[in-house]
1. Let me spell it out: the conditions are (1) open to solvent by less than 40 Å² (accessible area, probe 1.4 Å); (2) in a loop (DSSP other than H, G, I, E, B); (3) closer than 24 Å to Glu445 by Cβ; (4) in contact with a helix residue (DSSP H, G or I) (Cβ under 7 Å, 6 or more places away or on another chain), and Val282 meets all of them except one. Which number is the exception?
2. Take Thr197 and decide whether it is assigned to a loop (DSSP other than H, G, I, E, B), farther than 30 Å from Leu313 by Cβ, in contact with a strand residue (DSSP E or B) (Cβ under 7 Å, 6 or more places away or on another chain) and among the β-branched types (Val, Ile, Thr).
3. Which of the residues spanning the range 285-308 are open to solvent by less than 20 Å² (accessible area, probe 1.4 Å) and in a strand (DSSP E or B)?
4. Looking at Ala403, Ala379, Ala395, can you tell me which residue is open to solvent by less than 10 Å² (accessible area, probe 1.4 Å) and among the small types (Gly, Ala, Ser)?
5. Please name all residue pairs, on different chains or six or more residues apart, with Cβ atoms under 7 Å, provided the first residue is in the range 279-299 and is assigned by the TED database to the domain that holds Ser320 and the second residue is open to solvent by 40 Å² or more (accessible area, probe 1.4 Å) and polar (S, T, N, Q).
6. So is Pro226 more than 28 Å from Cys121 (Cα to Cα), in a loop (DSSP other than H, G, I, E, B), in the same structural domain as Gly182 (by the TED database) and open to solvent by 50 Å² or more (accessible area, probe 1.4 Å) or not?
7. Tell me yes or no: at least one residue of the range 265-272 is under 25 Å from Leu233 (Cα atoms), touching a Gly at 6+ places or on another chain (Cβ under 6 Å) and among the charged types (D, E, K, R).
8. Among the residues of the range 86-117, write down those that are of a type outside the set (S, T, N, Q) and over 20 Å from the mean Cα position of the chain (by Cα).
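The values are calculated or read from the model by the stated rules, or taken from the named source; none is laboratory data. Model, not experiment: these values are computed from the prediction. For neighbour counting, all protein chains shown are included, and Cβ atoms are generated from backbone atoms with ideal geometry for every residue, glycine included. With ligands, DNA and RNA removed, areas are computed over all heavy atoms of the protein, side chains included. Shrake-Rupley method; radii C 1.70, N 1.55, O 1.52, S 1.80 Å.
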Amino acid sequence: MASYIFLFLLSLLLLLPSISSNITTIPLSHFHRNPHPHPHLHPCHHLNNLATSSLKRAHHLKNPQTTTTHRTTTPVFSQSYGGYSIPLSFGTPPQTLSFIMDTGSDFTWFPCTKNYQCVNCPSYLKPFIPKLSSSSKILGCSDSKCALFHNKSPRFHCQACRPNSKNCTQMCPAYTFVYGLGETTGVPLSETLNLPTRSVPDFLVGCSVSSTHQPPAGIAGLGRGPASFPGQLGFKKFSYCLLSRLFDDTNKSSLLVLDAGEKWAKKTTGVIYTPFVSNPLVPARPAFSVYYYVGLRQIKVGRRRVKIPYRYLRPDSRGSGGTIIDSGTTFTIMAPEVSQRVSGEFARQMAAVGYKRAEEVEAVSGLKPCYSISGAKSAAFPVVTFHFKGGAEVALPVENYMAIAGDDLVCLTIMSDKELGGPEVSSSGPSIIIGSFQLQNFYVEYDLLNERLGFRQQRCN
């Protein structure tokens, strides 16, 4: 593998031409692994795929591994594998690619070069071709941006170079990013990002040449940190509205809005806010500093408050506990004790009104509890409500926590990280990961200037 990376880096040198309004909106799409790759796949099996990807994503988040105009918008599209994608253009002249919108990471990378290899990936991946861009540059070890990709000083990775040395010819070392479903390897580039309202030169982006189990897109890291999308662009606020899963793999889109923000506190009309919680600083888990932690105070099922031990609601000094919002996780994942209390209360209330469990569906879908609603003139479910610090209260619409598993079959989409027969997720890391399924048709605002997260229920299409 090391020899392959060396040969690739050497060949990449030949491929590159050189070495060395206040708001932007971008369309946001739903991102499925493939556009309905198995049209005859039973809904239970499709839910199992989403549940599996959510669980693997949770494993990664809890055990991360690392090896002039001021506003921009871009469309966001919904995809059937459970994510949301945005189109971004890089290079001179621009090359437009799809990227998964990921608030749980802070790096941006794209499939790169004609020799891009991806194991267990869709065959129609479109790579970026550095040779066709006059603005592509490989980073040198002396470039301060090299350190951003490696979470250490350039001196650590570039033994032969002194910091800011003008005579250093050593390249910035290759990176490997590990995700819930796979990993990607490549080299950092300095490239021009072309937004709808302006061009941004010298944007730090990864040129990945080898990946495993990746969807047909790159990753746009919207997490905290100087290397992230908002960090590099200097935006003080970003927001998105997540389309309903009914529009998976269609041309329907909403918007990702990147905003430089104001110098004074200004609330968006109709939005309820909760303050961000300080990120735990754990040297062995630097990715914890990238997540967006919020203060979830309680969960209600119907009118009943679920008793959750305090240790699960706030991160401790080791990074255990707390709640994060993650656009890259589909279904909400909870620590086993928390999930058991929530799903247990839900099951108790459903049983009280006569609904019977569909255990065979639970075995196939990986979700529980599941129910048959056959013969019912109308189905009623206990409302799941999240109560956050600062008074923000989010009552989920039924379609945001119950998924259709077949004719007259539905399942709760709040999972334990011990589900699917896999190993239990480490006790370190966030105890609750609120996924994108739960926030369909919600406007979600990340106010980085005022350190708060906002919610507003609305139709996003």
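1. With respect to (1) open to solvent by less than 40 Å² (accessible area, probe 1.4 Å); (2) in a loop (DSSP other than H, G, I, E, B); (3) closer than 24 Å to Glu445 by Cβ; (4) in contact with a helix residue (DSSP H, G or I) (Cβ under 7 Å, 6 or more places away or on another chain), Val282 is out only on (3).
2. Working: assigned to a loop (DSSP other than H, G, I, E, B): yes; farther than 30 Å from Leu313 by Cβ: yes; in contact with a strand residue (DSSP E or B) (Cβ under 7 Å, 6 or more places away or on another chain): yes; among the β-branched types (Val, Ile, Thr): yes.
Yes, satisfied.
3. Across the range 285-308, the qualifying residues are Tyr293, Val294, Leu296, Ile299, Val301, Val306.
4. Values: Ala379 fails: open to solvent by less than 10 Å² (accessible area, probe 1.4 Å); Ala395 fails: open to solvent by less than 10 Å² (accessible area, probe 1.4 Å).
None of the other options fit; the residue is Ala403.
5. Correct list of pairs: Asn279/Ser289; Pro280/Ser317; Leu281/Ser289; Pro286/Thr66; Pro286/Asn151; Ala287/Thr66.
6. Values: more than 28 Å from Cys121 (Cα to Cα): yes; in a loop (DSSP other than H, G, I, E, B): yes; in the same structural domain as Gly182 (by the TED database): yes; open to solvent by 50 Å² or more (accessible area, probe 1.4 Å): yes.
The answer is yes for Pro226.
7. The answer is no; no qualifying residue exists.
8. To start, the set of residues in the range 86-117 that are of a type outside the set (S, T, N, Q) comprises 86-88, 90-91, 93-94, 97, 99-102, 104, 106-107, 109-112, 114, 116.
Result: Phe90, Gly91, Pro93, Pro94, Cys112, Lys114, Tyr116.
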